[in-house]
Structure formats: structure tokens, C-alpha cells
1. Which fully enclosed helices (runs of 4 or more DSSP H) of the range 47-133 have 2 or more residues being open to solvent by 50 Å² or more (accessible area, probe 1.4 Å), over 24 Å from Tyr32 (Cα atoms) and among the acidic types (Asp, Glu)?
2. Considering only residues that are assigned to a loop (DSSP other than H, G, I, E, B), surrounded by 14 or more Cβ atoms within 10 Å (Cβ to Cβ) and of a type outside the set (S, T, N, Q), which ones fall in the range 1-28?
3. Please go through the range 45-73 and pick out each residue that is in contact with a helix residue (DSSP H, G or I) (Cβ under 8 Å, 6 or more places away or on another chain) and within 17 Å of Ser105 (Cα to Cα).
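The values are calculated or read from the model by the stated rules, or taken from the named source; none is laboratory data. Quick caveat, the model's predicted, so the values are computed rather than measured. So basically every Cβ, Gly included, is an ideal-geometry build from the backbone, and we count neighbours across all protein chains shown. With ligands, DNA and RNA removed, areas are computed over all heavy atoms of the protein, side chains included. Shrake-Rupley method; radii C 1.70, N 1.55, O 1.52, S 1.80 Å.
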Amino acid sequence: NNGLWSLLNYGLNFADGGFGPTLAKAPLVGDYSTSVGFLQYQVNGTDITSEIEALSTIMTAGRLSSENKQVLLDAHAYFKQEHGIESANRVLLKLMASTPEWHTSNTLRRTGAPRSAPLPAPKVFSSYKAIVY
């Protein structure tokens, strides 16, 4: 996520592990003036619920769960109140790119059951010889 978060924060440049070229100094969050490019998608309007639905369609083919939609809605409301609309919109896109639905191509199914820990790999004891020049 570092590259995508950097793209949302600074545009296309190398700041915070971004995908673009290295710049002389790191820009401020939201300052795209020194970037090679930036995302033009803007969250529009006051109906954030419809924007989350649109992002769900664009980024997850409509697979975003209702629980994750509520998390996005709550986070946007908090950041809008505490840090302003631009910060809230960036957080919304970052959280959207952090959802399980974004990282998979199947539908998320919550069971509520705890996941079992994987068994440790068996230890193999064999001699090892290395030549270091």
C-alpha cells in the first residue's frame, strides 16, 4: 500500500515509497505541484454514501461489504470534522484501497469464527557448508 498511499498523498513521485522519480525534497501531503502526475478522481457532492457506492463499483466491482462501507462512512465523517474535506477524501481512498475486497477477486464472507494458526514447518537438520569470498 505504500506506493498507492504515496500517490494519494503526494502524487506520482518517490516520497514515502512512491512509484515516481526522486525529488529534491518531500512535498507536503496534498501538494501535487512537484509531482509528475496525480489522480484526478475527486469525491463530489455531499452525499458520501453514493460516493462510497461509486468507489465500490469502480474499485471492487461492487463487492464491498456493508460493514466496510460503514467503516468508510464513519472514517470520512470523522476526518471531515477533524481535518477538513480534502483529508477526509484522501483517507476514504486510502481505506478503500486497504479493504479485503480490493485485494481479492472473490466475495468476502465473514464467519465470525477465529482463524486457526498454521502448523509450524518441520525442522530439517542437515549439514550446511558455504564458501564466502
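1. 66-83
2. Gly11, Leu12, Phe14, Ala15, Asp16, Gly18, Phe19, Gly20, Leu23, Ala26, Pro27
3. Selection gives Leu55, Ser56, Met59, Thr60, Gly62, Arg63, Leu64, Ser65, Asn68.
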